[in-house]
Every structure is written in structure tokens, then in C-alpha cells.
Amino acid sequence: MYAFEFERPSTLADAVAALSDGEAQPLSGGQTLIPTLKQRLASPGKLVSLTGISELQGIRVDGGNLSIGAATPHAQVAAQDHYPVLAHLAANIGDPAVRNRGTIGGSLANNDPSACYPAAALGSGATIVTNKREIAADDYFTGMFDTALDEGEIITEVRFPVPQRAAYAKFEQPASRFALVGAFVAQYADGVRVAVTGASNEGVFRWTEAEKALLANFSADAVSGLTLDGAGMIADVHGSGDYRAHLVGVMTRRAVAAAG
Amino acid sequence: MPMDGGIGAATKRREDVRFLTGTGNYTDDINMRGQAYVHFLRSDVAHGRITAIDTGVAEGMPGVVRIFTGADFEGVGGIPCGWQVTDRFGAPMQEPAHPVLAQGKVRHVGDPIAAVVAETREQARDAAEAIAVEIEELPAVVDMKAALEDGATKVHDDLTSNLCYDWGFVEDNRDSVDAAIKGAAHVTTLELVNQRLVANPMEPRVAVGDYNRASDDSTLYTTSQNPHVIRLLMGAFVLGIPEHKLRVVAPDVGGGFGSKIFHYAEEAFVTFAAKALNRPVKWTASRSEAFISDAHGRDHVTKIELALDKDNNFVAIRTHTLANMGAYLSTFAPSVPTYLHGTLMAGNYKTPNIYVNVKAVFTNTVAVDAYRGAGRPEASYQIERVIDKAARELGVDPIALRRQNFITEFPYATPVAVEYDTGDYVATMDKLEEIADIKSFAARRAESEKRGKLRGFGVNCYIEACGIAPSSLVGQLGARAGLYESATVRVNATGGITVMTGSHSHGQGHETSFAQVVAEMIGIDANMVEIVHGDTARVPMGMGTYGSRSLAVGGSAMVRATEKIINKARKIAAHLMEASEADIVLKDGQFSVAGTDKSVAWGDVTLAAYVPHNYPLEEIEPGLEETAFYDPSNFTYPSGAYACEVEIDPETGKVTIERFSAADDFGNIVNPMIVDGQVHGGIAQGIGQALLEHCVYDEDGQLVTGSYMDYAMPRADDLPFYTVDHSCQTPCTHNPLGVKGCGEAGAIGSPPSVVNAVIDALQSGGYKVDHIDMPVSPSRVWQAMQG
């Protein structure tokens, strides 16, 4: 990697100040950024670690919400039992080393089109809380590796409304074990949400057609006749757009069935 | 029962203690005082003409010692090829130059253009980025068929085309095979791809060059499976250093699977640069670098035809293969699709007419060479897939069709120039049917179907030629090396033994199994025997480890040397006991005089050899050290039968392996636990090839699968618990241990049964799918199911 300066502030205010330097980049668990640096594919002048800030750590239950500090590693999310589906999703990200380092805030800020957490956040209608504002998940994911975050804006917390029932079905890409297609289905008092990761060239998206069908009848059969167009889907050595479109249907049905 | 620690004992691997506790000594653990580091600037385009290299800015960067380019290697030899194939018209193959650093052109992504030597690794890399290289890009030659078309862009301007050779085997069989196929009752044709793989040993390659100005000696520490071969090739053909001034050390090596057989440019570079700079130079490959600089494996495109008579007897096999050589000829690349592949096309079957045609092709990709099995998996895959297809077409049971055509009498001379000494294919198939519990398959299938899954059963047989190889034979076939093996057995005064073997262990457990053999022969504890390998300064000229040859060839040399030791020790014992040598019996480490109670212990004899106060000096010399070189008279022919049972999720196309059984005949076995481990590892690699691994280039010659994000390695949860059995044993008839070799069997024997099982599962679900190319990934299965 190229040389860079390194700061590890202990307060959010210090982190924001450190990031005001245009050359600076935030570093959370580093599970994407560190390999990128090692490949010399990024050259930030300064890295500001967010892992020393106690405000960004921890999990708390707040009414019907589960609030997770942005710098909380996946392993801790996997260990909580307030939102079991989210725990299950976190427990299947990467391997133990990844889960002990990678953080929910880092994953959402990166918005990898095949990552699991974006599906959970969008599928749960989560709120992404930053040092400046609260962003609804529906407004947050703006495309592959793209989010509504401004330069220097830091995610501080993610608030998940805990659904009545939910499930996440992930079909793994054989090499990376990221989601080739992952479908997150959640039912709330006021509606059903279906969020799909891994499939689209636009990144995570809501399958509104499936949501409507499930609102009328929350069963796998209700979505079995629905199809998606493979044209806008990712096509690579692991599968065509048509295959991914097909898998979205399969994974959505499985998630609905698993949600019970 | 085998003696404790002797032949047949499942002794735990003594080397594992250091491997598992971080106390191994790998090449990257070697750091020399004052060493500098090299970083190679590699081409990021597949094909292009270098029009300018400006190192000016880079040379002024911090820490830079010196920057080398192709110009520094003018007058230095190129990387040699160790095997010359003669084509079917009698002409030698086209053999391009392979410079240490690119000269004039770059020919694949990863081709080294310049080498920066600096005080630190990072400084070397920083400076490499500051080198200005202008490359006029040329069209990339990637597809083999396109590469052979008239007017195709040439990878090597000075060759007449991209065709390395057009090889026929046996060429004289060509017409008779054509006629047999024409007259056959049934011909099954199958076109298939044996896809390109990356070897991916756990330890990437490393090389450290050192030079002693006082003595003018050069030393290379390298991750090699055969240090003597590297010394010979690099010393004689590249750098012009005589062997007595060049030492090559391959210490602990963390896996090779073939990819560390070959002599690589980086080895020559660090040795050259160490002398030029008079300081040690070290290179450690990153994993990314390994993907674009280690020789790849396989990459064959084949059409095979199997002809049968009206009674379903095999009458002919004709096969046409395009074999990718990559951009340059790696050390043994030409031999893999020819003599390691064509000679195995008879498989386990008595097919009277066989013709194999192979066209080897240059492309703008990384060189392809031997990878676990090397040519034999490609042969086995074709035969065992086409037999299954034929059985389906003819409506006969695939096992019965195999059994009907088995070779049952030995020795058996095939129509493709080899003679199998022993085997019992009926016995291994019987054993397989038993351990695979084939009788209960229907119940298991019904249970899968209840869960909405398709279950399939696939078998295959395999034969391999191992114990490579009789030197005189391979010499006739174009090898530029002999393939004997060496051993020196040095008995110390107090009875402990150091064996210096020309074989090289890079994961095989030789330190344990070789010691078991010597211990058994003398009747002493295996802990009294130490195995030394991997250092040309300590070990006699040896040929290294590949082709499942170590125990069959290296072990045989060690047996011969130990026999010489025992013969001499008997003379000493006879003298000490004032008995006739003919009456001396060696048992459990004691020499005794037959019919008396007189005996001397092993240690008494060894001490006498070095303290010869009372010694037959007029008859024999003091000391107890013997060397033997063993050149086999034939290959060995391990064989077996494998069965795979898969489930397919018809909604996603995902294949899971539910059961895997292997019945192998390896002849005699020294350490059954190590054999199990070798088979398990081989099957894991075979399943990796069948389901997961695929090295993909795009049409511009860019490597699409250049990391583990896209190159799928098998993981524990991709693999089942295996049922392996090696109780069928037909000992090799021509080596002293009766052993055949087991290192590659799993990788050779497993891919066809996996694919056969997948096709069986799909057919059981009503899907008319005849073939899916490997890797049989979920998307490929799903695509095939769409019709």
C-alpha cells in the first residue's frame, strides 16, 4: 500500500474534524478498504479509524427498534437475539475473521452490490443515522457502490424496526461466498418489504411486485408466478442476468417460506 | 501386524509438528544479511510491442539499488524447455525463445518487463510504478481455434504460426482407427473442455539469490519440487554457472501440485542479480502475482469418439485435442498433452485401435504445464465420460459396459505404447460397489426426490502411469532429462541414519514414510532414521517429486542403498563374531549367527565401521555410507474405481456431493494414513475441478478470475466425508517395494464420476442433458436444464 497518515479519534466530533481534510477517508473494519489499499487501488492521504469511538459501538433495543452502532462488528450482531433474522444474516457474512473485523456501518457505506447488510437495511426499512441526519433506507442506496452519504458524512447508527416475521435467503457465489442473489423478506404491521441484493446492476433494490403480492397473501405461492427481467441484472462468470433473475424468484419464495 | 513404525504402520507424520506449530523453514523464512528485494513490473496487457522503457525517474527513487530490463539479459540464456516433442510429420515442435525479462514484446498479462531491486519491498514497488513503459498493443490471441486460423495474429513473430506441434499417437494407427470407426456398429461422440486451472498451493513462490564473491559461488533458495533440475536448467541453459559453483536449496515447501516443478524466470533473475549486485536478492510472490505467473494446468478442448461393435465391445477410440501452451513453453509443457495423455488413452479397457491427435497452441495467456495428474486426468475424463454417454445411448448399465471391456490379463500391452504390469480392475470395481453401497442407491434417490432433489450416481475407473519414468524411454520420447532417482544412506557411528534422497517432499510426508522403509529393512526404530532432501549441497543429483514417483523411484533408490549398507554391515558382523557371512541373519536390529546364540547389535556394527580396531580392513573399507541411483524399467500403473453421488437442487442448479467412494489399487502401502491423506487431497482437487475451479480469460486476454473473489477454490463444506479403500493390492512387479504411487490418483479419478453423477441426476429428472462442461456450476446446470 501507499503511505498514508493514520488517526484513531475517540469521539465522533474528532472524527468529523479529521475527515474534513479532503484527502482523508474513513476506515471502519477495513474488510474492503484494506485489500484495496494493499492492491494499491486507492491512495488516501489519511485514514481515520472509526473503531475507537464508543458512540459508534454497541447494540440497544429501543421500543420496537434495534439500534446498532455503526462500528459494531458482524460477530456482535450475530450474537444478539432481538432480531434473529438479522443475527442469522450477520452470522453468514464471510468467515470468523471478517465477522470480527467488518462492521455494519462499513458495509452500508461501501454498498457492495452483493453484500448482505444492504438487503437487511432496505428490507427492514431501516434508518441510517449519520452525524448530520437520519436517512431512510429507501433514500439511502443510490446505486452500485453509491449511497446518499455526503463527503465526510459518517454513519453513526442503524435503526432496524423489528418485523413481525422475516427471513433472508442467500444463494452464495461459489468463490467469494458473497450473495449471488440474496432476498430479504419482512412483514410489518403496515406492509411487506422485499429487498434483493447481488442481482441488479443498480445494487440492492425492492421488488415491489412481490411486496404487493405478499401483502395480499403472505405465502410462497403468492410470488411463484412473478418473474423479473434479466436484462438489468449482473452477468458474469458465475451466472447470466437471466439466471440471477430466476434466482431472485427462488430466493424470495424460500425467504417467504422460511419466515413462516 | 506391521512392526511399530515400519512398513504398513499408520505412523503420524513427524513433519507435521513443525508445520502446525509455525516452526517450519519455508523459503520466505530465509532472510540474508544485507538482502535487497525485487519487484517485477509486469505487463497489464496480453500482447504488445514494447516501444520504450524509461527508468530514469524510477532510478532516482528512494532505496532503489538497480533496475533491470530485458536489455540487461541480452547474451544471457532464456528459460529452457525440458521436453522436445516431434510432430506427426517427424519435425521438431516450434520452440520460441523465453527471455528472463521481456525483450521487444509482452505476451501475456503478467509477463515481466522490468525488475526493480531496492532496499525494501515497498520501495521496489514504488519505483516500479514510476517506470514509463510504452506498449503498442497488438490483438490478443486467446481462443485456441482462432489462434490456428490462417492470418491469425502470431504470439511469436519468428515462428511460422501459433501451432507448437501437431502430434499423432500412434501415427501409424491413424488409418486402422479410421477404418475401425467406419465399420463399427455404434459410435459415441463427445466434445468436451478440460478447463484451465490455477494450481494455488498454499505457499506462493519465493526465491532468494545469494552470491559469495570470495568463492564465486551462487546459491538459490527457492520453492521447488526438484532443486537439482533447477540447478541443471538454470546453471547450464540460462546463467552459465557450472553445477559445482551453484547450490539450489528448496527447504520446506508448502504445496506445489506440479506448479513448482518448473524453472521460472524469477529464480534466474534473483540468482543473476545477486551476483551483479554482490548482495542477496529476495522475491516473494503475492497471491495476485501467483495467478499471473505460476504455470496453469489443463486447458484442453477435445472431441472423442468411442466405437463399439454390436456386442458393445470397444473397438476403437479416436480423439482430437487442442492443448493450450500459453505464451511460452514451460519446462515440461509439451509432454503433458502428449506422452502423459496419449499413452493413457486405453484406460482400463481392451480397445484394440486407438489414435490420439493433439495440436498444441500458443496463446497470449500464462504458460500451461503439469498440474496434479498432468495429462492423465485429461485422458481419464474423456474416456470415462464417453463410456457413460455410450452406455446411455445403448441403454446398458454403465458399470456393466465397463466390466465387459476391462483388461483382465496382465501384462497388457496397449495400442498406445505402454505395458501395464499388474492390475485387477474387477476387484476394485467389486470393492467400489460394496463401499459405495450401490444396492441402496434407489432408496436414497427416492428419499431425495421426496425433498424435491434430483439424486444421481456416477462411477468411473482410472488408470495412471506413475513412477516417472524409465530414462531410456523418456529420452526416446523427447525428454531432455533422465528420470532416475538417487539416495545416499549415511549410517553414523552410533547407529542413527541420515538418508539423503533426491525426492522432494512438499507436503507428501516423506520424512515419515521413507524412514519407515529404512527402519523396517534394518529392524530399528523409525526415529533413528532422518530424511534429508531439497539441498543440492547435501543430496546426490536427484530428479525430484512429481508424477507420483517418490516412493516408487526415490524409495527404490533408498532401498537399493540400504541393501548395500546391510550387505556391508553383515560383513562387519561376520568379522566381529568370527562367523561366515553366509550364516549372518539380520532381525530386529540384531545380527546373529544362524544356529547359535551369538549376536551383535546394530550399534556394535556401526561403531565398528567407524572405530575399526577389530575390522576386516583387507576386505572392506571403514565407514558405512552407500549411494544408489535407481532407474525404473517401466512406469507403475495405479488404478481404481470411484463413485460419486450427488444431489441437485433443481430450482437453483446447485450440485452437492452427498457421498464419494474410492477403491484404489496402489500396490503395497507403506503408511496407510498418508495414503488416505493423499487420496483425500486429490479428490478435493478433483471435485474442485469438477464443480468449482475455472481460470477464465476474456477476449482481450485479461484474467477475469484473478483472485479468490472469482476463482472458486473448494472449501471444507463443498466436500463430503470420503469412503476410501486401498485393500485391493496388486504389487508393482518391477520395483523392490512393489509400490505404485498415490499422489495424483484422487485428482485423476474423481472429476468424471462427479460429472457422470450430475448427468445421471438430470436424466433421472427427465432432463435430456448429455454433457455439461466443468466446472459444473449452479448456473451451468440451470442453463442446461433450460434446454
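None of the figures in this text is laboratory data; all of them are computed from the coordinates on show. What you see is a predicted model, and the numbers here were worked out from it, not measured in a lab. FYI the Cβ positions are ideal-geometry reconstructions off the backbone, even for glycines, and counts take in every protein chain you see.
Assorted remarks:
- Cα shape, chain B, gyration tensor, a/c 1.5 rule: oblate
- Note on B:ASP157 and B:THR408: their simple-model spin labels are 6.3 nm apart, each label 7 Å out from Cα toward Cβ.
- At an R0 of 35 angstrom, the distance between the Cβ atoms of B:VAL704 and B:LYS12 translates into a FRET efficiency of 0.25.
- All C-alpha to C-alpha distances of the range A:5-49, sorted into 5 Å bins beginning at zero, yield P(r) values of 6, 24, 32, 22, 12, 4, 0 percent in whole numbers.
- Taking every C-alpha pair closer than 8 Å and separated by at least 6 residues, the mean separation divided by the residue count of the range A:1-103 gives a relative contact order of 27 percent.
- Gap separating the Cα centres of the range B:579-655 and the range B:461-484, nearest whole Å: 25
- Summing +1 for each Lys or Arg and -1 for each Asp or Glu among the other residues whose beta-carbon sits under 9 angstrom from that of B:ASP252 gives -2.
- Between the range B:171-217 and the range B:23-70, the alpha-carbon center distance in angstrom: 31
- Taking each DSSP H run with n ≥ 4 as -39500 (n - 2.57) and averaging over every residue of chain B yields -7500 deg cm²/dmol at 222 nm.
- The residue list A:ALA137, A:GLY203, B:PRO99 was ranked by how far each Cα lies along the charge dipole of the protein assembly as shown toward its positive end, using unit charges on Cβ atoms, and A:ALA137 comes out on top.
- Over the protein assembly as shown: Rg over Rh, Cα atoms, Kirkwood Rh: 1.00
- Per-residue mean of foreign Cβ neighbours for B:712-720 is 2 (Cβ atoms of other chains, 10 Å radius).
- Averaging the Cα positions of each part gives two centres, and for the range B:668-695 and the range A:168-231 these lie 39 Å apart.
- Fully extending the segment from B:PHE19 to B:GLN590 would add 202.1 nm, taking 0.36 nm per residue of separation and subtracting the current Cα-Cα distance.
- Set of lysines near B:LYS310 by C-alpha distance (under 20 Å), chain-local residues within fewer than 8 positions excluded: B:LYS182, B:LYS350, B:LYS389
- Length-normalised contact order for the range A:5-49 - Cα pairs under 8 Å, 6+ apart - percent: 57
- Annotation note: GluC sites (Glu not before Pro) in the range B:431-523 located in DSSP loop regions with a Cβ neighbour count of at most 15 within 10 Å are absent.
- Cleavage-rule hits (GluC sites (Glu not before Pro)) in the range B:678-787: DSSP loop, at most 15 neighbouring Cβ within 10 angstrom: B:GLU699
- Ranking of A:THR142, B:THR11, A:THR32 by neighbouring Cβ atoms within 10 Å, starting from the fewest: A:THR142, A:THR32, B:THR11.
- Counting charges near B:SER592 (Lys, Arg +1; Asp, Glu -1) among other residues having Cβ under 14 Å from its Cβ returns a value of -3.
- Residue among B:PRO112, A:ALA126, B:VAL187 farthest towards the positive dipole end of the protein assembly as shown, charges placed on Cβ: A:ALA126
- Around B:ASN492: net Lys/Arg minus Asp/Glu count, Cβ-Cβ under 10 Å: -1
- Translational diffusion coefficient (Stokes-Einstein; Kirkwood radius from C-alpha pairs) of the range A:165-259 at 4 °C, 1.567 mPa s, in µm²/s: 100
- Think of the protein assembly as shown as a dipole: +1 on every Lys or Arg Cβ, -1 on every Asp or Glu Cβ, centred on the Cα centre; then among B:ILE387, A:ASN65, B:ALA493, A:ASN65 lies furthest on the positive end.
- For B:ILE531, the amide hydrogen comes within under 5 Å of the amide hydrogens of B:VAL499, counting only partners 5 or more places away or on other chains and with H modelled in the peptide plane.
- √(5λ) per eigenvalue of the Cα gyration tensor, the range A:56-161, largest first, Å: 19, 16, 13
- Chain B - charge dipole about Cα centre, Lys and Arg +1 at Cβ, Asp and Glu -1, debye rounded to 20: 300
- Chain A: angle of helix A:241-259 to the longest principal axis, Cα-based, in degrees nearest 10: 80
- Estimated dipole of the protein assembly as shown in Debye, rounded to 20 [Cβ of Lys and Arg +1, of Asp and Glu -1, Cα centre]: 920
- Projected area, mean over directions - the range B:96-253, Cα convex hull, nm²: 16.1
- Charged-residue dipole, Cβ positions (Lys, Arg, Asp, Glu), the range B:269-427 about Cα centre, Debye nearest 20: 640
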